[in-house]
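Accompanying notes for the structure given below.
The values are calculated or read from the model by the stated rules, or taken from the named source; none is laboratory data. Source: prediction; values computed, not measured. Every residue, glycine as well, gets a Cβ built from its backbone with ideal geometry; the counts of neighbours run over all protein chains shown.
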Amino acid sequence: MAAALKKPGMPRALLGALVGGALGFGLVVALRAISGLPIFQTEATGYPHVVVPGISAPFGFLIGLGCFDYWFRWAAGAPTVPEDHSQHGARSWHDYFKFNTDHKVIGIQYIVTSFFFFFVGGAIAMVMRAELAQPGTQVVDPSTFNGLFSTHAALMIFVFVIPIFAGIANYVLPLMIGAPDMAFPRLNGLSFWMLPMAGILFLTSFFVPGGAFDAGWTGYAPLSTGAPLGQSFFNLGVQFAGASSVATALNFLVTIITMRAPGMNFWRLPLLVWANLSTSLLVVAATPFIAGVQFMVLFDRALGTNFFQSDAGGDVVAYQHIFWFYSHPAVYIMMLPGFGIISEVISTHSRKPIFGYRLMALALIGIVILSYTVWAHHMFVSGMFSWLRIPMMITTLLIAVPTGIKIFSWLGTLFGSVLHLYSTAMLFALGFIVTFVMGGISGVMLGMVPLDIHVSDTYFVVAHIHFVLFGGSVFTIFAGIYHWFPKMTGRMYDEKLGRVHFWLTSVGMMGAFVPMHWIGMEGMPRRVADYSAQFGDWNLVISCFAFLLGAAQLVFLYNMIVSWRFGPRAPANPWRAKTIEWQVSSPPPIFNFPEVPRVVGGPYEFGVPGARHAIMPGEGAEVREPEPTIAGTRT
Amino acid sequence: MTRATLARLFAAMLVLTVVISVVMVQIDWNGTAGSEEADDIDRLLDVMIVLSAFVYSIVLVMLGYSIWRYRAKPGDESDGEPIHGNTRLEIAWTVIPTVIVLFGAAYSWVILDDIEARQPDRLQVDVTAQQFAWKFEYPDADVTSTELHVPVDRQVEFSMQALDVIHSFWVPEWRVKKDLVPGLTTHVVATPDREGSYSLICTELCGIGHSTMRAPVVVESQDDFDAWLAKQAKAQGGKQPGGGAVEEPSQEAQQGESIFTEQGCSGCHTLAAAGSTADIGPNLDEVLPKRSAAEIHQSIIDPNAQISPGFGASIMPQEFGDSLSDKQLDTLVDYLMSSVQGGK
């Protein structure tokens, strides 16, 4: 027992959380005693006795788990265990609950954890749709309802969509560029373990006095600054999720820039790598803004500062500017990696090079730049200075151009292809085009100030966000999971169940989210526990399709679990893809490559006689190096 | 692929565009239009529908054609044509969408200027929002109301303030919306052109009672509006005597009731005497008869001191102790005591 508590691992982590929590609590008690405050009285919103342990306990957990062991030893001058590779690879499922430095293990940890929160967030959505199936109050009271939609969004955004892309890229990106691992494996491990901290903090808020945070995932001040204790758990959870994604983004940037295999120049990068490069540029520069603004809210709540207290000189609209300066780029953080996945899937399963590869890469960079210049389109009715609406409208509409380039390039790729429709990954990729373009069109409508004035804060916005986040991001996630499932698990999934999943998901999502446009335009505001009786019929329809959508995900869950355990063994390259991750075994060897591969051509040279993307170790001498080709050159 | 195929695909896109546009333009997506601004915004929506139908038709036709024409048979291991791109096509699908969206932006700008232009003869109404109630003041007539009455065919400018958190002013039939922000005065104009009864809806999440934070809106002829305003002025003039006139008990009750509705109590609590039926907070007809005046007083200024079973803490705003004067508080407590005893 004592030995288990001494070595890094889950027992020591739980002990660390207890000790961390106790230290935090003790610090508050001691400071209050010293300063002569009543020791156990909790202020209306400050609750230092809970907030401080809310910071220290997760750190205790991370330290106990061993995330900092190497750095602490190094800093203390103690002997470190540099590269005995003991933290690489996973031999049993226990290893997934430990601190690990292997990018493939971390990738799986990310994906499974994110899907756990996806199912929790989805269950919350089911409760909301049950309540909304009829006008009036049936299932949950308005206070609980506000907590439900807030946690639903926080879970889906911060601990599902954003991190699962980091997970997929963690697994395949180093393999794709021919790297043995990420640039900073220990930081990578820490990045992952901060993620469950965020999710647990969000969920813990259900069990504190006053209930879960209920000011929306946007947490607008001053509603959030005056909210009960649960709001602080949102403020803190965002810090852990944000720190996790910033560290991962730095890791991706350094990995992509410095660890490409010889010959892998930027015009030979697979588009998934381009997409994660772009995403990381957004994350490192934008995420600190939401971290900052949530700290400001926390300080207003816990320390009595007045950043957003208008009667004490604070500025309420400033919250929204800082928040959206992150949160608009965040929608591209949630979309660009998906664009990368779609490019891989469409090219591979239609056996054609990506049409206009270079413009595709440049479009990503265009989106990155433009996405920093559009944040105030969330604030057209917020009472901000009014001239800003026109330039923000123009940039918002212009961002449709690079996005359109991507759609047209995919369509160009499909034209004249050999289209393998039986693959579930491809079905989700094609479904993505249908649904995401609809989300894009409603996005352009929302970008037009006069239309936005009418529909902002209505169900039209709910419909739009679900078309781009579910029909967009989640469809790309499913495409990516199905595409790389054989590589990650070494097993094939059941295509028949995959097709059932796709069709049920598509029907459910269309039925649930299309009518939301209509009721929103007709006058149903969003974030309401109750609504006027005229919308009753449509809401019942929406709820029924939402339940279908929820049930469809159980098919996915069953398929993944059973296939992972019992599916037929996967060959190294079931899709006959060209990129490097498919040239190694499924799953890949523990250090990816015995020797670094040589890259000699573009990543999607389907149909080009004799063209190769990479020459793998062991086949070097006898394979004649063909004329280098670069994606995007005309043939 | 032949020129004829391309022509047929293009024809299919055009037909689909026309079909989608014709069907979708027929429908009044935004519901009844009740203001001049609404007509402008609905026209912009129709233009957008046609443009979007064109773009979506391109996508659907190309996708559908590819799936139909290039679908691989099982076991087909061949590759597609190694086409890497086409510079002219890529330039086209960069430039054409740019032109379309810039046109959309320009048209939106024109419409925005149009719907926000101020008319010299506009009526001024001050709006105050708090959790979870609306209050309207007509500064010219010195009238305060919890119902919004406006004359038809005359521009109204709303000058708006929020007392606690952000709220948002929206009458769907007018299509205009603006947030009410603590610390700012925001403005919005509307020109109602259709008589009738509507709802003012709060569209910015403002707390537990957000979904029920509404106010009745009446658009009526100028004559009816003037009559209503005069009636209100008379009633309120009687209620707020300038000097030390002896107040009748009924007047005190009236004063209590107006505090009860204007402060938003009726937005959350049921009280038969005031005709309110909300159920966000405890039903006052049920909980108050057991309470003393001191307890009621405490529950107003410190709602968490004693919480009715079935309701969470901090649901009720905490700042009534600051926002109400002592005299108002006493009036309100007396009113509540007499209201519920009357019901017994």
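Would you pick out the residues in segment B:78-91 that are facing chain A (nearest Cβ under 7 Å) and either on the phi > 0 side of the Ramachandran plot or assigned to a loop (DSSP other than H, G, I, E, B) (or both)?
Matches in segment B:78-91: B:Ser78, B:Asp79, B:Gly80, B:Glu81, B:Pro82, B:Ile83, B:His84, B:Gly85.
If B:Ala72 satisfies every condition in (1) surrounded by 15 or more Cβ atoms within 10 Å (Cβ to Cβ); (2) facing another protein chain (nearest Cβ under 7 Å); (3) out of contact with any strand residue (DSSP E or B) (no Cβ under 8 Å at 6 or more places or on another chain) but one, which is the exception?
Unmet condition: (3).
For B:Tyr56, are the conditions met, namely being more than 28 Å from A:Met524 (Cβ to Cβ) and of a type in the set (Phe, Trp, Tyr)?
Values: more than 28 Å from A:Met524 (Cβ to Cβ): no; of a type in the set (Phe, Trp, Tyr): yes.
Here the answer is no, as B:Tyr56 does not meet what is asked.
Give the residues of segment A:284-321 that are aliphatic (A, V, I, L, M) and not in a helix (DSSP H, G or I), sorted by residue number.
So in segment A:284-321, the residues aliphatic (A, V, I, L, M) come out as A:284-286, A:290-291, A:293, A:296-298, A:302-303, A:312, A:316-318.
Listed by number, the list holds a single entry, A:Leu303.
So if I check each of A:Pro196, A:Pro180, which one is within 15 Å of the chain's Cα centre (by Cα), within 21 Å of A:Tyr96 (Cβ to Cβ) and surrounded by fewer than 24 Cβ atoms within 10 Å (Cβ to Cβ)? I'd like the intermediate steps shown before the answer.
Numbers: A:Pro180 fails: within 15 Å of the chain's Cα centre (by Cα).
Exactly one of A:Pro196, A:Pro180 is within 15 Å of the chain's Cα centre (by Cα), within 21 Å of A:Tyr96 (Cβ to Cβ) and surrounded by fewer than 24 Cβ atoms within 10 Å (Cβ to Cβ), namely A:Pro196.
Any residue at all in segment A:470-481 that is surrounded by fewer than 22 Cβ atoms within 10 Å (Cβ to Cβ) and touching a residue at least 60 places away in the same chain (Cβ under 8 Å)?
Taking every residue of segment A:470-481 in turn, none turns out to be surrounded by fewer than 22 Cβ atoms within 10 Å (Cβ to Cβ) and touching a residue at least 60 places away in the same chain (Cβ under 8 Å).
Check A:Gly60, A:Gly26 and return the single one that is surrounded by 14 or more Cβ atoms within 10 Å (Cβ to Cβ), more than 30 Å from A:Leu173 (Cα to Cα) and of a type in the set (Gly, Ala, Ser).
Working: A:Gly26 fails: surrounded by 14 or more Cβ atoms within 10 Å (Cβ to Cβ).
Exactly one of A:Gly60, A:Gly26 is surrounded by 14 or more Cβ atoms within 10 Å (Cβ to Cβ), more than 30 Å from A:Leu173 (Cα to Cα) and of a type in the set (Gly, Ala, Ser), namely A:Gly60.
Residues in segment A:456-476 that are closer than 19 Å to A:Gln553 by Cβ and among the polar types (S, T, N, Q): how many?
Result for segment A:456-476: 2.
Can you list the helices (runs of 4 or more DSSP H) found entirely within segment A:338-435 that contain at least 2 residues being farther than 19 Å from A:Ser280 by Cβ and more than 8 Å from every other protein chain (Cβ to nearest Cβ)? Lay out the reasoning, then the answer.
Working: elements: A:357-371, A:389-398, A:400-414.
Helices (runs of 4 or more DSSP H) meeting the threshold: A:389-398, A:400-414.
Tell me which of these B:Thr17 doesn't satisfy, since it passes every other one: (1) out of contact with any helix residue (DSSP H, G or I) (no Cβ under 6 Å at 6 or more places or on another chain); (2) more than 30 Å from A:Phe535 (Cβ to Cβ); (3) surrounded by 17 or more Cβ atoms within 10 Å (Cβ to Cβ); (4) not hydrophobic (A, V, I, L, M, F, W, C).
Result: B:Thr17 fails condition (1) only.
Looking at this structure, is A:Pro587 at pLDDT 90 or above and either not aromatic (Phe, Trp, Tyr) or not in a loop (DSSP other than H, G, I, E, B) (or both)? Steps first, please.
Numbers: at pLDDT 90 or above: yes; either not aromatic (Phe, Trp, Tyr) or not in a loop (DSSP other than H, G, I, E, B) (or both): yes.
Answer is yes for this residue.
What are the pairs with Cβ atoms under 8 angstrom where one residue, in segment A:163-186, is modelled with pLDDT of 95 or more and the other, located anywhere, is crowded, with 24+ Cβ neighbours inside 10 Å and acidic (Asp, Glu)? Sequence gap at least six, or different chains.
Final answer for the pair search is A:Val172/A:Glu581; A:Leu175/A:Glu581; A:Met176/A:Glu581.
Select from segment A:589-604 the residues that are touching a residue at least 40 places away in the same chain (Cβ under 8 Å) and surrounded by fewer than 23 Cβ atoms within 10 Å (Cβ to Cβ) and list them in ascending order.
To start, the set of residues in segment A:589-604 that are touching a residue at least 40 places away in the same chain (Cβ under 8 Å) comprises A:590-593, A:596-604.
Result: A:Ile590, A:Phe591, A:Asn592, A:Phe593, A:Val596, A:Arg598, A:Val600.
Has segment B:96-118 got any residue that is within 14 Å of chain A (Cβ to nearest Cβ), modelled with pLDDT of 95 or more, touching a Lys or Arg at 6+ places or on another chain (Cβ under 6 Å) and crowded, with 17+ Cβ neighbours inside 10 Å?
No, that holds for no residue.
In this structure, is A:Ser150 crowded, with 21+ Cβ neighbours inside 10 Å, in contact (Cβ under 8 Å) with a residue 12 or more places away in the chain, in contact with a strand residue (DSSP E or B) (Cβ under 7 Å, 6 or more places away or on another chain) and among the polar types (S, T, N, Q)? Steps first, please.
Details: crowded, with 21+ Cβ neighbours inside 10 Å: yes; in contact (Cβ under 8 Å) with a residue 12 or more places away in the chain: yes; in contact with a strand residue (DSSP E or B) (Cβ under 7 Å, 6 or more places away or on another chain): yes; among the polar types (S, T, N, Q): yes.
The answer is yes for A:Ser150.
State which residue pairs qualify: first residue touching a residue at least 24 places away in the same chain (Cβ under 8 Å) and inside segment A:4-24, second residue among the charged types (D, E, K, R) in any location, beta carbons under 8 Å apart, and separation of 6 or more residues or different chains.
The qualifying pairs are A:Pro8/A:Asp69; A:Pro8/A:Lys98; A:Gly9/A:Lys98; A:Met10/A:Lys98; A:Arg12/A:Lys6.
Assess whether A:Val455 counts as being surrounded by fewer than 23 Cβ atoms within 10 Å (Cβ to Cβ) and either at pLDDT below 95 or within 10 Å of chain B (Cβ to nearest Cβ) (or both). Lay out the reasoning, then the answer.
Numbers: surrounded by fewer than 23 Cβ atoms within 10 Å (Cβ to Cβ): no; either at pLDDT below 95 or within 10 Å of chain B (Cβ to nearest Cβ) (or both): yes.
Against the criterion (surrounded by fewer than 23 Cβ atoms within 10 Å (Cβ to Cβ) and either at pLDDT below 95 or within 10 Å of chain B (Cβ to nearest Cβ) (or both)), A:Val455 does not qualify.
Could you list all residues from segment B:195-230 that are touching a residue at least 12 places away in the same chain (Cβ under 8 Å), part of a loop (DSSP other than H, G, I, E, B) and out of contact with any Cys (no Cβ under 7 Å at 6 or more places or on another chain)?
Those that are touching a residue at least 12 places away in the same chain (Cβ under 8 Å), part of a loop (DSSP other than H, G, I, E, B) and out of contact with any Cys (no Cβ under 7 Å at 6 or more places or on another chain): B:Glu195, B:Thr203, B:Glu204, B:Cys206, B:Gly207, B:Ile208, B:Ser221.
Only residues that are more than 11 Å from the chain's Cα centre (by Cα) and at positive phi: list them for segment B:169-219, please.
Scanning segment B:169-219 gives B:Gly183, B:Gly196, B:Gly207.
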